[in-house]
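Peer 1: Quick one: the structure is below, questions incoming.
The values are calculated or read from the model by the stated rules, or taken from the named source; none is laboratory data. Nothing here was measured: the structure is a model prediction, and the numbers come from that model. Cβ: placed from backbone, ideal geometry, glycine included. Neighbour counts: every protein chain shown.
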Amino acid sequence: MIVKPILEEIKNVIKLGHYIFDETAKYELKESCAWVQDLFNELEEEVDREEADYEKGAISCELSLKRKSGKPFADHLLIRGNIKAKYMAPCIKCLKLTHQSVDADFQVCFIPQHLENEPEFEELDDIFTENEEFDLYFHQKGDADIAEMVHENLFINIEHFPLHDENCLGLCTECGQDLNEGTCKHQPAQ
């Protein structure tokens with residue numbers, strides 16, 4: 001197995017034909033990669049970065065790609081990856097900015113799109129190859145959408161209902177008073 005040096009850039013859609021069979025290509029991606037920066041911006045799309053409590057976060061993604069060939073998957077791509085991010089998100093109850101983080105490992109295999117309709121692949125979400133289980137994705141005529149795959153693996157691992165505190169009282173539904181900071185005439189004193 002030949003391993004290429006670590007690279008810092010990869011396009012959002014790659015061509016399998018640009019990779020040599022059984023050769024591993026490694027990538028360490030940060031915000032300088034445009035589609036990785038887009039992922040980070042999506043994580044913080046609900047955040048006003050001008051707020052006093054805002055602290056800049058970071059995102060990074062490591063990918064290891066290996067092109068393979070053989071039955072039953074034909075020309076396919078094995079990817080092992082990790083995505084990490086530290087970011088700010090509004091609390092779902094009071095909207096106060098809260099620190100969030102994600103650290104997710106994933107393994108996926110891109111197989112040809114035409115196999116999707118084959119009976120043995122119709123209802124599969126993952127496949128077993130190389131003595132490991134890989135999530136199943138499909139490439140179209142050798143084009144694999146890496147950015148979309150990383151996006152899915154990031155967003156299935158984030159906290160979708162962030163709280164700044166598990167005992168957050170939220171906002172008054174009548175006047176918007178932050179009930180963590182005091183009561184209002186619409187709420188009984190606690």
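Peer 1: Could you pull out the residue among 123, 130, 116 that is surrounded by fewer than 17 Cβ atoms within 10 Å (Cβ to Cβ) and touching a residue at least 40 places away in the same chain (Cβ under 8 Å)?
Peer 2: Details: 123 fails: touching a residue at least 40 places away in the same chain (Cβ under 8 Å); 116 fails: touching a residue at least 40 places away in the same chain (Cβ under 8 Å).
Of 123, 130, 116, the one residue that is surrounded by fewer than 17 Cβ atoms within 10 Å (Cβ to Cβ) and touching a residue at least 40 places away in the same chain (Cβ under 8 Å) is 130.
Peer 1: Consider region 119-169. How many of its residues are part of a loop (DSSP other than H, G, I, E, B) and of a type in the set (Val, Ile, Thr)? Before you say what the answer is, go through the steps one by one.
Peer 2: Filtering region 119-169 for residues part of a loop (DSSP other than H, G, I, E, B) gives 119-125, 130-131, 141-142, 156-169.
In the following step, the residues that additionally are of a type in the set (Val, Ile, Thr) were identified as 156, 158.
Of the residues in region 119-169, 2 are part of a loop (DSSP other than H, G, I, E, B) and of a type in the set (Val, Ile, Thr).
Peer 1: Tell me whether region 101-108 contains one or more residues that are loosely packed, with under 13 Cβ neighbours inside 10 Å, without any contact (Cβ under 8 Å) to a residue 60 or more places away in the chain and over 22 Å from residue 161 (Cα atoms). First the steps, then the outcome.
Peer 2: The initial filter retains those residues of region 101-108 that are loosely packed, with under 13 Cβ neighbours inside 10 Å, namely 101, 103, 105.
Filter once more, keeping what is without any contact (Cβ under 8 Å) to a residue 60 or more places away in the chain: 101, 103, 105.
Cutting the leftovers down to over 22 Å from residue 161 (Cα atoms) gives us none.
So far as region 101-108 goes, no, none of its residues is loosely packed, with under 13 Cβ neighbours inside 10 Å, without any contact (Cβ under 8 Å) to a residue 60 or more places away in the chain and over 22 Å from residue 161 (Cα atoms).
Peer 1: Considering each of 52, 25 in turn, give the residue that is at pLDDT below 95 and under 30 Å from residue 116 (Cβ atoms).
Peer 2: 25
Peer 1: Take residue 99 and tell me if it is farther than 20 Å from residue 146 by Cα and at pLDDT 95 or above. Give the derivation first.
Peer 2: On the way: farther than 20 Å from residue 146 by Cα: yes; at pLDDT 95 or above: yes.
When the stated conditions are applied, residue 99 passes them.
Peer 1: Within the group 121, 161, 106, 128, which residue is hydrophobic (A, V, I, L, M, F, W, C) and farther than 30 Å from residue 70 by Cβ? Write out each step before concluding.
Peer 2: Numbers: 121 fails: farther than 30 Å from residue 70 by Cβ; 106 fails: farther than 30 Å from residue 70 by Cβ; 128 fails: farther than 30 Å from residue 70 by Cβ.
Answer to the selection: 161.
Peer 1: Also: Return yes when residue 46 is touching a residue at least 24 places away in the same chain (Cβ under 8 Å), surrounded by fewer than 12 Cβ atoms within 10 Å (Cβ to Cβ) and within 30 Å of residue 167 (Cβ to Cβ) and no when it is not. I'd like the intermediate steps shown before the answer.
Peer 2: Details: touching a residue at least 24 places away in the same chain (Cβ under 8 Å): yes; surrounded by fewer than 12 Cβ atoms within 10 Å (Cβ to Cβ): no; within 30 Å of residue 167 (Cβ to Cβ): yes.
So residue 46 fails the test.
Peer 1: Looking at region 155-169, I want the residues that are in contact (Cβ under 8 Å) with a residue 12 or more places away in the chain and have a partner that is of a type in the set (Lys, Arg) with Cβ atoms under 7 Å, at least 6 apart or on another chain. Which pairs are those?
Peer 2: From region 155-169, the pairs are 163/93; 164/96; 168/93.
Peer 1: State which residue is surrounded by the fewest Cβ atoms within 10 Å (Cβ to Cβ) when the search covers only region 69-90 and only residues that are among the basic types (Lys, Arg) and at pLDDT 95 or above. Can you show your working first?
Peer 2: Here is the first cut: in region 69-90, the residues among the basic types (Lys, Arg) are 71, 80, 84, 86.
With at pLDDT 95 or above added as a condition, the list becomes 80, 84, 86.
Values: 80: 17, 84: 15, 86: 17.
Residue satisfying both the conditions and the ranking: 84.
Peer 1: From 171, 179, 154, which residue is of a type outside the set (Phe, Trp, Tyr) and within 15 Å of the chain's Cα centre (by Cα)? Step through it out loud before you land on a result.
Peer 2: On the way: 171 fails: within 15 Å of the chain's Cα centre (by Cα); 179 fails: within 15 Å of the chain's Cα centre (by Cα).
Step by step, each of 171, 179, 154 is checked, and only 154 is of a type outside the set (Phe, Trp, Tyr) and within 15 Å of the chain's Cα centre (by Cα).
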